[in-house]
Amino acid sequence: MAVTTSAALADALRGIVGAEHVREGGASVDGVTPRWTAAPGTIEQAAAVVALAHDERLAIVPCGGGTALELGHPPARVDLVVDTKRLDAVLEYQPEDLTVTVQAGCTAGALAAQLAAHGQLLPVDPPGWAERSLGGLAATQGSGPLRHRYGTLRDLLLGVRFAQADGVLTWGGAKVVKSVSGYDIPKLMVGSLGTLGVLLELTLRLHPAPDYEATWLASFRTPAHAQEFVAALLDSTVQPNRVELLDARVCAACRLPESAAAVAVSIGTVEPAVRAQEGVVKALVQYAHGTVETMGASFWSAYDRALARFEGVSLRIGTVPGRLVETLGAVQAVLPGAAVAGAVGIGALRALVAHADAAALLGPLERLRATVAEVGGGVIVERAPRVIRERIDPWGPVPAPALAVMRAIKNEFDPRGVLNPGRFVGGL
Amino acid sequence: MALSASVVAGLQRLLGPAGVVTTLEGRLTYESDMLTLYKGAPDAVVLPTSTEDVQAVVRLCREARVPIVPRGSGTGLIGGATAPQGGVMVSLTRMTNILEIDLTNRCATVQPGLINLWLTNAVRERGWFFAPDPSSQMVSSIGGNVATNAGGPHCLKYGITTNHVLGLEIVTGTGDVVSVGGKAADRPGYDLTGAIVGNEGTFGLVTAVTVRLLHAPEAVKTALASFASLVEASEAVSAIIAAGIIPAALEMLDDAMIGAVNAAVGKVYPDGAGAVLLIELDGPRAEVEAQAERVAAICRERGALMVTVARDEAERALLWKGRKEAAGAVGRITAAYLLQDAVVPRSKLPQIMREMVAIAKRHNLLFANVFHAGDGNLHPLICYDDRNPAELERAQQANEELLHACIALGGSVSGEHGIGMDKAKNLPLQYADADLNFMFRLRRVFDPDGLMNPAKLLPSHPACGEGFRPSRPALPAGTWV
């Protein structure tokens with residue numbers, strides 16, 4: 001192990017990225033002030049920074065937009081933040097291939113603007129998505145309403161370049177839309193919270209933006225009616241791009257008429273096909289004894305802003321579409337103040353809890369986890385004050401055999417534990 | 001290597017005499033997959049019926065340090081389900097149960113030996129289907145599809161196998177049973193499901209799979225467009241994708257293939273065309289109608305000689321018949337062929353087609369093309385006379401040149417067949433040493449003893465061996481160390 005003074009280390013960092021791009025300290029990560037923050041301007045600089053930190057056994061925290069730093073166990077230490085904000089280039093965009101290669105610090109909003117000029121989109125839209133970096137979205141597996149039709153980054157990340165723990169620049173996957181050449185390394189990287197490598201470049205699959213889109217809000221007297229509607233919709237030939245649940249509190253936050261449970265459905269395709277399916281959607285709402293209203297084009301941006309405005313604790317609930325009533329019931333029983341929304345056709349919900357302390361959340365979270373565990377689901381604390389995550393496992397249990405494999409993978413690729421140490425599942 | 005008597009006895013004790021094949025003629029049945037260039041009979045074949053059986057076999061083999069080769073239906077095209085080092089082949093053809101169908105939650109759980117099409121058959125009447133549709137789907141197993149991350153014509157719109165696998169159970173090379181993923185969304189931890197799909201049996205044996213089922217579309221429309229040349233047809237493909245239309249399938253056949261198909265199954269495609277495009281659109285009826293018109297207009301703009309749309313199911317079936325019979329029909333034009341599976345970015349399709357024509361001419365060879373044009377996945381059949389060794393050599397040379405051309409255009413060595421023994425040597429074209437080494441180390445996590453399907457997927461290469469050190473970034477010279 002190298003023995004190095006702080007001053008010499010700072011000099012070395014400056015030598016790699018330039019003095020103006022290294023700071024002593026920096027923005028705090030989950031309440032911990034880093035010793036340094038370095039903002040590399042090239043992927044080679046990023047790799048060298050990681051290599052140096054590895055040799056010095058520093059705890060490295062990769063950081064993009066800095067909007068999801070409350071995901072995971074609180075960091076025990078933060079020596080070096082690798083800030084990807086300068087790595088924000090769109091490297092290769094071939095609209096006719098429906099693929100794009102970007103640097104990890106590029107924000108989803110900046111990319112969306114370029115794609116829109118060619119009638120294309122990257123359908124990744126968790127709350128506040130536009131401000132988030134694409135590297136951060138991949139590392140945290142961020143998802144929103146559009147996953148109903150397009151899946152998540154798991155389905156969209158074709159290739160990835162990253163710095164391994166020791167700084168070795170590595171590429172996995174391909175730049176084409178179809179490839180089975182070797183192991184699917186991009187899948188391993190999505191959602192890994194930077195614990196296997198610092199993500200630096202992403203090649204992404206794009207989709208054509210629909211010609212025309214319309215949104216309807218279906219309101220129901222009870223969650224059971226909403227579930228009946230969703231079940232009927234899923235068992236129909238309608239092809240929505242979003243099927244999003246909004247409970248009464250989320251409706252209120254969006255200034256929508258109050259209902260026990262509402263489901264916002266959007267369809268995007270050629271206009272005649274939107275019109276034709278509208279009739280079916282409305283008939284299914286009626287079948288489930290709901291009322292339906294057509295929403296304006298700004299509905300989804302308003303919804304995004306409303307969810308992003310929620311403060312406090314955010315829980316990601318993974319369940320199945322057929323358990324909506326039980327899941328909502330469990331949330332209401334244990335966290336009576338919570339607001340719930342999410343991609344109900346997939347079973348990916350969010351519960352937002354305004355005021356909670358650790359003691360008040362611990363029991364309810366365990367009971368909620370027990371309920372969704374009946375279908376193999378779980379609850380991830382996506383955002384919460386550090387004090388809560390010090391007392392509550394933010395990830396929830398992972399079955400021992402699977403965790404053993406995850407641990408073996410982490411030990412193989414980061415034996416010194418320098419990449420985001422301690423923050424991932426099982427303390428990896 | 002031959003198995004010791006105690007290993008054979010151990011296997012027989014686990015699975016009964018009917019569960020172990022040791023006769024020479026029995027073992028020879030299992031010596032290759034559909035790529036018969038690679039042969040290697042296992043020393044024994046076992047036929048487990050449960051996860052427990054599989055685990056017991058892996059543990060026994062691990063104890064005796066005997067290689068283990070998984071096998072589904074044996075329809076792979078890469079030299080994957082073959083035993084070049086002998087050992088025990090685990091045939092999963094007796095694990096064919098559908099464990100659960102859960103349409104409310106749009107998924108099913110099956111054993112690995114279940115035939116792909118059987119799953120769709122089980123849910124079709126209720127209006128559902130399993131999307132991955134390799135051409136072998138009538139005989140290939142879902143476990144094999146998972147092992148190779150199989151594709152198929154309709155993957156253009158629906159994605160390949162991995163996009164439809166929600167979870168699985170695997171017996172790893174360490175003999176552990178590990179369940180990953182499942183029907184509920186968003187599991188915490190690494191996406192092991194995603195990492196395991198496409199492992200070609202080198203991580204272990206998948207013993208159960210939970211897959212996404214999709215609701216069948218309201219309408220399907222199939223059209224045929226003929227063009228004077230491959231290049232023009234390719235330009236039409238690029239134009240369709242660039243117009244923001246993702247058909248369910250977009251398949252191309254060239255003149256050699258058209259001739260073979262027409263000779264084999266009757267005149268389904270127009271004579272005299274240099275290439276035909278088979279275009280399938282599915283979805284809501286109004287969407288399909290509108291898109292069919294736009295696709296037909298694009299084809300005409302790009303110089304289509306003729307565009308026809310199937311008017312009913314019988315006509316649709318006829319248009320597909322030619323495509324589906326293509327591999328068999330090729331026997332009419334050649335005794336032997338090499339099958340390429342490389343991919344190019346779809347905008348580069350016209351360019352690679354021009355290069356392909358030049359390569360064929362340079363080596364005086366016949367190339368017959370039938371492929372998934374929409375995603376740039378080439379499948380040229382490079383025809384040669386297997387009685388003429390010099391011609392095989394030329395065919396191999398042409399094959400290599402085409403592969404290099406695809407990679408030079410930013411492509412991939414395999415779009416849907418996988419790597420196996422056949423393309424392992426090609427992986428270094430696409431990956432640097434550090435990338436290969438990362439894959440090698442991932443494999444070793446699942447299979448530390450190197451017993452799972454050895455000699456497949458990764459090349460014999462220094463980066464895929466113990467002790468390799470990829471080059472690290474240069475650090476500035478300084479006083480800190």
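Which one is nearest to B:PHE129 (Cα to Cα), of the residues in the range A:203-242 that are away from chain B (no Cβ under 14 Å) and in a loop (DSSP other than H, G, I, E, B)? Applying the filter and picking the extreme gives A:THR222.
Looking only at the range B:433-442, which residues are more than 7 Å from chain A (Cβ to nearest Cβ) and either surrounded by fewer than 22 Cβ atoms within 10 Å (Cβ to Cβ) or of a type in the set (Gly, Ala, Ser) (or both)? It would help to see each step written out before you state the result.
Filtering the range B:433-442 for residues more than 7 Å from chain A (Cβ to nearest Cβ) gives B:433, B:436-437, B:440.
Correct list: B:ASP433, B:PHE440.
For the range B:218-289, which fully contained strands (runs of 3 or more DSSP E) count at least 1 residues that are under 26 Å from the mean Cα position of the chain (by Cα) and among the hydroxyl-bearing types (Ser, Thr, Tyr)? Per the criteria, B:219-227. Just one residue in the set B:LEU403, B:LEU338 is part of a helix (DSSP H, G or I) and either more than 16 Å from B:LEU230 (Cα to Cα) or touching a residue at least 12 places away in the same chain (Cβ under 8 Å) (or both); that residue is B:LEU403.
For B:ASP33, are the conditions met, namely being of a type in the set (Asp, Glu) and out of contact with any Ser or Thr (no Cβ under 7 Å at 6 or more places or on another chain)? For B:ASP33, the condition - of a type in the set (Asp, Glu) and out of contact with any Ser or Thr (no Cβ under 7 Å at 6 or more places or on another chain) - is not met.
Within the range A:237-245, is there a residue that is free of Cβ contacts under 8 Å to residues at least 12 places away in the same chain, acidic (Asp, Glu) and under 16 Å from A:VAL285 (Cα atoms)? Within the range A:237-245, not a single residue is free of Cβ contacts under 8 Å to residues at least 12 places away in the same chain, acidic (Asp, Glu) and under 16 Å from A:VAL285 (Cα atoms). Restricting the first residue to the range A:171-184 and requiring it to be touching a residue at least 12 places away in the same chain (Cβ under 8 Å) and closer than 22 Å to B:PRO470 by Cα, which pairs with a second residue that is crowded, with 24+ Cβ neighbours inside 10 Å and among the polar types (S, T, N, Q) meet a Cβ separation below 6 Å and a spacing of at least six or different chains? These pairs meet every condition: A:ALA174/B:SER412. With respect to the conditions (1) in contact with a helix residue (DSSP H, G or I) (Cβ under 9 Å, 6 or more places away or on another chain); (2) farther than 30 Å from B:ALA122 by Cβ; (3) in a helix (DSSP H, G or I), B:ALA292 falls short on a single one, namely (1). A Cβ distance below 6 Å, combined with a sequence gap of six or more or placement on separate chains, defines the contacts here; from the range B:302-313, residues that are in a loop (DSSP other than H, G, I, E, B) reach residues that are β-branched (Val, Ile, Thr) in the pairs B:ALA310/B:THR222.
Say we look at the range A:235-247 and pick out the residues that are surrounded by fewer than 21 Cβ atoms within 10 Å (Cβ to Cβ) and under 24 Å from the mean Cα position of the chain (by Cα); which of these is farthest from A:ALA343 (Cα to Cα)? Top of the filtered list is A:GLN239.
Within the range B:406-433, the residues that satisfy the criterion of being within 25 Å of B:PRO350 (Cα to Cα) and not in a loop (DSSP other than H, G, I, E, B) are B:CYS406, B:ILE407, B:ALA408, B:SER412, B:ASN426, B:LEU427, B:LEU429, B:GLN430.
Only one of the numbered conditions (1) surrounded by 14 or more Cβ atoms within 10 Å (Cβ to Cβ); (2) within 18 Å of B:THR93 (Cβ to Cβ); (3) not acidic (Asp, Glu) is not met by B:GLN12, and that is (2).
Applying the selection to the range B:146-187, what residues are assigned to a loop (DSSP other than H, G, I, E, B), charged (D, E, K, R) and farther than 30 Å from B:ALA64 by Cα? Across the range B:146-187, the qualifying residues are B:LYS183, B:ASP186, B:ARG187.
If you go through the range B:183-202, how many residues are modelled with pLDDT under 95 and of a type in the set (Gly, Ala, Ser)? Qualifying residue count, the range B:183-202: 1.
I need the full set of residues from the range A:243-288 which are among the β-branched types (Val, Ile, Thr) and outside any helix (DSSP H, G or I), in order please. Matches in the range A:243-288: A:VAL243, A:VAL263, A:VAL265, A:ILE267, A:THR269, A:VAL270. Selection of the range A:158-173 for residues being touching a Leu at 6+ places or on another chain (Cβ under 6 Å) and within 17 Å of B:ILE160 (Cβ to Cβ) yields only A:GLY173. Taking first residues from the range B:56-83 that are more than 26 Å from B:HIS379 (Cβ to Cβ) and partners that are assigned to a helix (DSSP H, G or I) and among the charged types (D, E, K, R), no Cβ contact under 6 Å between residues at least 6 apart in sequence or on separate chains turns up. Total residues in the range B:384-402 satisfying the condition of being more than 26 Å from B:LEU429 (Cα to Cα) and touching a helix residue (DSSP H, G or I) at 6+ places or on another chain (Cβ under 7 Å): the figure is 2.
Conditions (1) crowded, with 24+ Cβ neighbours inside 10 Å; (2) part of a strand (DSSP E or B); (3) within 7 Å of another protein chain (Cβ to nearest Cβ), marked per residue:
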position: A:ASP155; (1), (2), (3): no, no, yes
position: A:VAL160; (1), (2), (3): yes, yes, no
position: A:ASP166; (1), (2), (3): no, no, yes
position: A:VAL177; (1), (2), (3): yes, no, yes
position: A:TYR183; (1), (2), (3): yes, no, yes
position: A:PRO186; (1), (2), (3): yes, no, no
position: A:GLY194; (1), (2), (3): yes, no, no
position: A:GLU201; (1), (2), (3): no, yes, no
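Do we have A:ALA138 as outside any loop (DSSP other than H, G, I, E, B), surrounded by 22 or more Cβ atoms within 10 Å (Cβ to Cβ) and small (Gly, Ala, Ser) here? Criteria met by A:ALA138.
Just a yes or no: is a residue in the range A:137-158 closer than 25 Å to B:ARG472 by Cα, touching a residue at least 60 places away in the same chain (Cβ under 8 Å) and not basic (Lys, Arg)?
Start the filter on the range A:137-158 by keeping residues that are closer than 25 Å to B:ARG472 by Cα, which leaves A:138-139, A:158.
This time we only want the ones that are touching a residue at least 60 places away in the same chain (Cβ under 8 Å), so: A:138-139.
This time we only want the ones that are not basic (Lys, Arg), so: A:138-139.
Yes.
Check the range B:135-157 and report whether any residue there is in contact with a Phe, Trp or Tyr (Cβ under 8 Å, 6 or more places away or on another chain), crowded, with 22+ Cβ neighbours inside 10 Å and either within 14 Å of chain A (Cβ to nearest Cβ) or not aliphatic (A, V, I, L, M) (or both). No, the range B:135-157 contains no residue that is in contact with a Phe, Trp or Tyr (Cβ under 8 Å, 6 or more places away or on another chain), crowded, with 22+ Cβ neighbours inside 10 Å and either within 14 Å of chain A (Cβ to nearest Cβ) or not aliphatic (A, V, I, L, M) (or both). Checking each residue in the range B:41-74 for being within 17 Å of B:ILE115 (Cβ to Cβ) and surrounded by fewer than 24 Cβ atoms within 10 Å (Cβ to Cβ) picks out B:LEU47, B:THR49, B:SER73, B:GLY74. For beta carbons closer than 7 Å, sequence separation of 6+ or different chains, a first residue in the range A:280-298 that is closer than 13 Å to A:SER236 by Cβ and a second that is surrounded by fewer than 19 Cβ atoms within 10 Å (Cβ to Cβ) and not basic (Lys, Arg), the qualifying pairs are A:VAL280/A:SER236; A:LEU284/A:ALA232; A:LEU284/A:SER236; A:TYR287/A:ALA232; A:ALA288/A:ALA232.
Condition test on B:GLY79, is it surrounded by 21 or more Cβ atoms within 10 Å (Cβ to Cβ), in contact with a helix residue (DSSP H, G or I) (Cβ under 7 Å, 6 or more places away or on another chain) and assigned by TED's automatic domain parsing to the domain that holds B:VAL45? For B:GLY79, the condition - surrounded by 21 or more Cβ atoms within 10 Å (Cβ to Cβ), in contact with a helix residue (DSSP H, G or I) (Cβ under 7 Å, 6 or more places away or on another chain) and assigned by TED's automatic domain parsing to the domain that holds B:VAL45 - is not met.
Answer yes or no: is there a residue in the range B:81-102 that is within 14 Å of another protein chain (Cβ to nearest Cβ) and part of a helix (DSSP H, G or I). There is no residue in the range B:81-102 that is within 14 Å of another protein chain (Cβ to nearest Cβ) and part of a helix (DSSP H, G or I). The set of residues in the range B:179-215 that are touching a residue at least 40 places away in the same chain (Cβ under 8 Å), within 7 Å of another protein chain (Cβ to nearest Cβ) and either surrounded by fewer than 23 Cβ atoms within 10 Å (Cβ to Cβ) or of a type in the set (A, V, I, L, M) (or both) comprises B:ALA195, B:VAL197, B:HIS215.
The values are calculated or read from the model by the stated rules, or taken from the named source; none is laboratory data. In this text the structure is predicted, and so the values were computed from the model without any measurement. Note that we place each Cβ from the backbone using ideal geometry, even for glycine, and neighbour counts take in every protein chain shown.
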